[in-house]
Structures are given as C-alpha cells and as structure tokens.
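The values are calculated or read from the model by the stated rules, or taken from the named source; none is laboratory data. Keep in mind that this is a model prediction, so the values were computed, not measured. Note that each Cβ is placed from the backbone with ideal geometry, even for glycine, and that neighbours are counted across all protein chains shown.
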Amino acid sequence: MIYSKEVENMCTVRVGASHGCAPIPEEGKWVNSRQISDISGLTHGIGWCAPQQGACKLTLNVKEGIIEEALIETLGCSGMTHSAAMASEALVGKTLLEALNTDLVCDAINTAMRELFLQIVYGRTQSAFSEGGLPIGAGLEDLGKGTRSQVGTCYSTKVKGPRYLELAEGYIMQMGLDANDEIIGYEYVNMGKFMDAIKKGVDPVEAMNGAKGTYGRYADAVKYIDPRHE
C-alpha cells in the first residue's frame, strides 16, 4: 500500500462507530452481504442495445453467488438470438461478479446483466421475501406449457388501422370485426401446443385445429380478416 506524504504525516484518529452493512432481504431472510457468496435470489431485468434496435429480458436464479439458472428472451434483432444462445452457455455456473464482467456478445444482454446485478446486490429480487427462494426451474415455468416466450406483435397505420399479429395466446389467424369495423376478438394458434403435436406425429391440420382458440367476442363478429394479407 502506498500513502502520500500528506497522509503519512497525519496523526491517527480512531473510528468510534461502525455499524457495518445494512441487512438486505434474501429468500425470506435478512442477510448482511459482505461477499458474492452471500447473495441469493431470482429476478428479472430488461436490457437494450445502443441503437435501441432490440431488447433482452433476462431471468437469473442465483444461489450463494452462483448463477444456477438463466432464461434469455430477446426481441427485435436477428443477431441477438444467436447472442442469447452463447449467453445461455456463458452465464450459468459463474459468480455474479464473473457474469457482470463476461462478454455476453450482445449489448442488450450485457445491459440486462448490469440491471439484474443492481437488483440482486441491493436486495431487490423477485424472491426477496420467498422463504427458501425459488427452485431451479422456476425461470422455465415463466414460459408456460408451450415453452415459448409471451410475445406481443401488433402493426398499425393511420390509413388502414391496427393488425394483431401475435399476442400472449399465440399466432393470430384472424381478427373479428363488428359492424363498425372495430376489432372485437381474434382467433389464434398456440404455437407451442401446435409444434408439440407435430413432433408426436399428429397430422398438421389436426394439430392446428387442436391448438386453435378464440378471444373476446370473436363469434359475434360480422367480418373476419387475415391480419397479414387483408
């Protein structure tokens, strides 16, 4: 340790009061976090790239400082999906500090990692008050039975109005309109269920019909349109 001459010439004054770090909530406990291994919790965060062309939702499940589970969901950039593949291999098994200083290839994923680090080390995880935390696999449960991200894709122009393309329920097949040409419901295909059926050898038409559903007052519509071609 090197000290300047000014510091060397100072007299010593003892520190009288030192209360240490404040405890933070972690998995139903109050923890005095002094090192990375003191950190546990599951949380989500959002990141974006510099040109803001795409975004990443990152979910981490951390146990005693180690990332045991990672869910990387990306949107809006084709290259980002390949970065997500690489990040899924690069993140797990690392400490939080290692992950923060790992090149996760995509700016959006790096930014999401930064935002999650801040949440986790300040005791702001989603599982802060969940006794024992959440099991490894909790991140995967966010995707539901179809194991697909919940995506909303809608397009609109002033002259022709909105088109629902994909919503939480699935891929939109048709929009139902009332007499005023206003949307009152839609028909969708749950792509997770559809692909699961296809993998089991179900006929594609039968698989699609089995994965279809409707939302809203779809049956009451006076007109049905294909949002991609009409």
Is it the case, given these coordinates, that residue 134 is under 23 Å from residue 73 (Cβ atoms), surrounded by 13 or more Cβ atoms within 10 Å (Cβ to Cβ) and not charged (D, E, K, R)? yes
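With respect to residue 77, is the statement that it is under 22 Å from the mean Cα position of the chain (by Cα), at pLDDT below 95 and of a type outside the set (A, V, I, L, M) true? Step through it out loud before you land on a result.
On the way: under 22 Å from the mean Cα position of the chain (by Cα): yes; at pLDDT below 95: yes; of a type outside the set (A, V, I, L, M): yes.
Criteria met by residue 77.
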Pairs returned, first residue in segment 206-230 that is more than 18 Å from residue 167 (Cα to Cα), second residue that is surrounded by fewer than 16 Cβ atoms within 10 Å (Cβ to Cβ), beta-carbon separation under 7 angstrom, 6 or more apart or interchain, are 207/198; 221/178; 222/178; 222/179
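What residue, of 54, 45, 76, is of a type outside the set (Ser, Thr, Tyr), buried (at least 16 other Cβ atoms within 10 Å of the Cβ) and more than 30 Å from residue 129 (Cβ to Cβ)? Reasoning before the result, please.
Working: 45 fails: more than 30 Å from residue 129 (Cβ to Cβ); 76 fails: buried (at least 16 other Cβ atoms within 10 Å of the Cβ).
Just a single option satisfies the conditions, and that option is 54.
Restricting to segment 179-200, count the residues that are among the aliphatic types (A, V, I, L, M) and within 16 Å of residue 216 (Cα to Cα).
Here is the first cut: in segment 179-200, the residues among the aliphatic types (A, V, I, L, M) are 179, 183-184, 189, 191, 195, 197-198.
Within this subset, residues satisfying the condition of being within 16 Å of residue 216 (Cα to Cα) are 179, 183-184, 189.
Final tally of qualifying residues: 4.
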Of all residues in segment 42-71, which are free of Cβ contacts under 8 Å to residues at least 40 places away in the same chain and closer than 16 Å to residue 109 by Cβ? 51, 52, 53, 67
Residue hits (segment 203-230; hydroxyl-bearing (Ser, Thr, Tyr) and over 32 Å from the mean Cα position of the chain (by Cα)) are 224
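Checking the conditions here, which among 172, 184 is under 23 Å from the mean Cα position of the chain (by Cα) and either aliphatic (A, V, I, L, M) or surrounded by fewer than 19 Cβ atoms within 10 Å (Cβ to Cβ) (or both)?
Numbers: 184 fails: under 23 Å from the mean Cα position of the chain (by Cα).
Exactly one of 172, 184 is under 23 Å from the mean Cα position of the chain (by Cα) and either aliphatic (A, V, I, L, M) or surrounded by fewer than 19 Cβ atoms within 10 Å (Cβ to Cβ) (or both), namely 172.
Name every residue in segment 72-98 that is basic (Lys, Arg) and free of Cβ contacts under 8 Å to residues at least 24 places away in the same chain, in order of residue number.
Within segment 72-98, none qualify.
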Taking only pairs six or more apart or across chains, which ones have beta-carbon atoms under 9 Å, a first residue in segment 150-164 that is under 12 Å from residue 227 (Cβ atoms), and a second residue that is assigned to a strand (DSSP E or B) and of a type in the set (Asp, Glu)? 153/166; 154/166
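Checking the condition under 18 Å from residue 84 (Cα atoms), hydrophobic (A, V, I, L, M, F, W, C) and surrounded by fewer than 17 Cβ atoms within 10 Å (Cβ to Cβ), which residue from 116, 143 passes?
Numbers: 116 fails: surrounded by fewer than 17 Cβ atoms within 10 Å (Cβ to Cβ).
143 is the lone residue from the list that is under 18 Å from residue 84 (Cα atoms), hydrophobic (A, V, I, L, M, F, W, C) and surrounded by fewer than 17 Cβ atoms within 10 Å (Cβ to Cβ).
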Looking at residue 108 and the list (1) farther than 26 Å from residue 35 by Cβ; (2) surrounded by fewer than 20 Cβ atoms within 10 Å (Cβ to Cβ); (3) in contact with a strand residue (DSSP E or B) (Cβ under 6 Å, 6 or more places away or on another chain), which single condition is not satisfied? (2)
Within segment 187-230, track down each residue that is surrounded by 18 or more Cβ atoms within 10 Å (Cβ to Cβ) and among the β-branched types (Val, Ile, Thr). 189
Any residue in segment 208-226 that is in contact with a Lys or Arg (Cβ under 9 Å, 6 or more places away or on another chain), aliphatic (A, V, I, L, M) and closer than 29 Å to residue 54 by Cβ? yes
Which condition does residue 125 not pass, out of (1) out of contact with any Gly (no Cβ under 6 Å at 6 or more places or on another chain); (2) crowded, with 18+ Cβ neighbours inside 10 Å; (3) touching a residue at least 40 places away in the same chain (Cβ under 8 Å); (4) not small (Gly, Ala, Ser), if it passes all the others? (1)
